[in-house]
Amino acid sequence: MSSQIIPVEPFDYVVFGGSGDLAERKLLPALYHRQVEGQFSEPTRIIGASRSALSNEEYRKFADAALKEHLKKGEYDEAEVKKFLARLFYVPVDARSDAGWDQLKKLLDEGKERVRAFYLAVAPGIFGDISQKIHDHKLITKQTRIVVEKPIGRDLASALQLNDTIGKVFKEEQIFRIDHYLGKETVQNLMALRFANALYEPLWNANHIDHVQITVAESVGLEGRAGYYDTAGALRDMVQNHILQLLCLTAMEIPSSMDSEAVRDEKLKVLRALKPIDASNVEQATVRGQYRAGASAGGPVKGYLDELEGGVSNTETFVAIKAEIGNWRWAGVPFYIRTGKRLAGRVSEIVITFKHIPHTIFDQAAGRIVANQLIIRLQPDEGVKQSLMIKDPGPGGMRLRNVSLDMSFASAFNVRNPDAYERLLMDVIRSNQTLFMRRDEVEAAWEWVDPILKGWEEAGQQVQGYTAGTWGPSQAIALIERDGRTWHDDI
Ligand code: BG6
């Protein structure tokens, strides 16, 4: 099975926060892979920029160490790494003073005709300062784009402010708001599954679907990010962006094409159709949790409060929500979503449960007829599973059995599964916005999330404790079971 790699135009990628955690873990390894796969055209450069006073040589050493640490076994190739490091440069710049900006301009002027991308892998507090400096030092060419990482705000007001600040310097078509979930293979496959098959779309509505579940479970804890995480919590960190994007792709109408505006228009309609959850219904529709000490990934782990310096916090590390979409297609179909840290496993999946057959012709001895489920697995083992009722093979009369057609992409195609950032970083160069969030989408997502946050405050909704290594608080189980349904935990 071969895939075709189409080279992109020569580019200069300037990574602000170039010596930070995201560059080290994700951006540099992703760019290395794109080089190895032959996607770069020459001359192409990657320029790290941050406050640290590093030389080009020191930055190359940092990148080399990052590749050694984060590439998988067998992926580090001496010759490729040498070529990769040769395209790396570093400029120390200060977002809040003019230090370093002339040097950056001089370096970029060597490649005025190339695509120029500025990646802001920094705290959102300095997005505005950096954008302004880019503008003031005349670094914006016709071929310039800017990439911003989440969090885009911590509520609607701050998101509006952030979008305004960046919008003062860059046009919307130059702004790429990254949500790395949209770069995951299975997320794109969701569109292939829905829109490249005749099978599902006629059934994809309230007449045939009973409910949808979206789970993004993590086994990790804070990973040294307590400072950020404790001010955010699971709703802001995962639901406002990643999970709502998954929900949009699952629920949206069929766009007229894969054109970025067509796809994003449809996603926006879903966000705007989400039924409000506020102080009046927040306690019935949501559950907040926080992990206590327990066992995860094979060993004992601390509770959330013990990981925090202060030791007191009402921040949720788990959230479950019963969401509803108020439109014709989804009337009466709940979307149960849940996400959390220190859960029983690392699993992300979308589960579509179809309605029960309206009438059975089989007698009791045939056994229970289970509703069909389509499971779209994002991780760990990306793939698609469709459950079906069949006759149990062999004699003994008509006995029915629930079986699965299970396709793991890794074993079916025998290709390396690219990291989400690889696709997205190249889409920026290609100027393809389909898998990036438009300004109005981010704001509409906050419009739905804000009343939940406010509702929690007004209702004084406390976090429920759960033992690390389990599936979350018992209240989350009750949330779905009181509707006569269960979470899909057969993972
Ligand atoms: C990030 C969140 O956006 O996504 C993290 O800030 C989370 O808290 C991460 O761990 C999950 O990403 P993935 O790709 O590992 O599922």
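The values are calculated or read from the model by the stated rules, or taken from the named source; none is laboratory data. If you're wondering where the values come from, they're calculated on a predicted model, not measured in any experiment. Every residue, glycine as well, gets a Cβ built from its backbone with ideal geometry; the counts of neighbours run over all protein chains shown. Surface accessibility is based on the protein's heavy atoms, side chains included, excluding ligands, DNA and RNA. Shrake-Rupley method; radii C 1.70, N 1.55, O 1.52, S 1.80 Å.
Remarks
- Filtered residue count, the stretch 341-361, keeping only those that are over 29 Å from D230 (Cβ atoms) and open to solvent by 10 Å² or more (accessible area, probe 1.4 Å): 9
- Residue within the stretch 413-421 that is open to solvent by less than 60 Å² (accessible area, probe 1.4 Å), away from the ligand (no atom under 16 Å from the Cβ) and touching a residue at least 12 places away in the same chain (Cβ under 8 Å) present: no
- Hits in the stretch 321-339 - residues which are open to solvent by 10 Å² or more (accessible area, probe 1.4 Å) and aliphatic (A, V, I, L, M): A331
- Only residues that are within 21 Å of F89 (Cβ to Cβ) and either in contact with a Lys or Arg (Cβ under 9 Å, 6 or more places away or on another chain) or assigned to a strand (DSSP E or B) (or both) were counted in the stretch 127-151, giving 11.
- If the condition is being β-branched (V, I, T) and away from the ligand (no atom under 15 Å from the Cβ), then the stretch 175-209 contributes I175, I209.
- All strands (runs of 3 or more DSSP E) inside the stretch 328-392 with 2 or more residues being more than 16 Å from the ligand (Cβ to nearest atom) and in contact with a His (Cβ under 6 Å, 6 or more places away or on another chain): 347-354
- Check on D136, more than 16 Å from the ligand (Cβ to nearest atom), over 28 Å from S97 (Cα atoms), modelled with pLDDT of 95 or more and more than 17 Å from the chain's Cα centre (by Cα): no
- Residue in the stretch 246-253 that is at pLDDT 95 or above, β-branched (V, I, T) and either within 11 Å of the ligand (Cβ to nearest atom) or closer than 20 Å to I337 by Cα (or both) present: yes
- Of the residues S256, S219, the single one that is over 26 Å from R482 (Cβ atoms), over 21 Å from the mean Cα position of the chain (by Cα) and assigned to a loop (DSSP other than H, G, I, E, B) is S256.
- Condition met for R236 (within 16 Å of the ligand (Cβ to nearest atom), at negative phi and open to solvent by 20 Å² or more (accessible area, probe 1.4 Å)): yes
- Residue within the stretch 66-79 that is in contact (Cβ under 8 Å) with a residue 40 or more places away in the chain, within 23 Å of V8 (Cα to Cα) and in a helix (DSSP H, G or I) present: no
- Restricting the stretch 393-404 to residues that are farther than 25 Å from A344 by Cα and among the hydrophobic types (A, V, I, L, M, F, W, C), the residue that is farthest from the ligand (Cβ to nearest atom): M398
- The listed residue being away from the ligand (no atom under 16 Å from the Cβ), in a helix (DSSP H, G or I) and open to solvent by 10 Å² or more (accessible area, probe 1.4 Å), out of A444, A410: A410
- Residue within the stretch 278-297 that is among the polar types (S, T, N, Q), assigned to a helix (DSSP H, G or I) and either closer than 29 Å to S474 by Cβ or without any contact (Cβ under 8 Å) to a residue 24 or more places away in the chain (or both) present: yes
- Any chance V270 is within 30 Å of S431 (Cα to Cα), in contact (Cβ under 8 Å) with a residue 12 or more places away in the chain and assigned to a helix (DSSP H, G or I): yes
- Selection within the stretch 223-233 - near the ligand (Cβ under 9 Å from one of its atoms) and either touching a Leu at 6+ places or on another chain (Cβ under 9 Å) or assigned to a helix (DSSP H, G or I) (or both): Y228, Y229, A232
- Some residue of the stretch 187-198 being closer than 24 Å to R423 by Cβ and under 13 Å from the mean Cα position of the chain (by Cα): yes
- Test result for E422, assigned to a strand (DSSP E or B) and of a type in the set (D, E): no
- Subset of the stretch 145-169 [within 16 Å of the ligand (Cβ to nearest atom) and under 30 Å from P10 (Cα atoms)]: V147, V148, E149, K150, P151, I152
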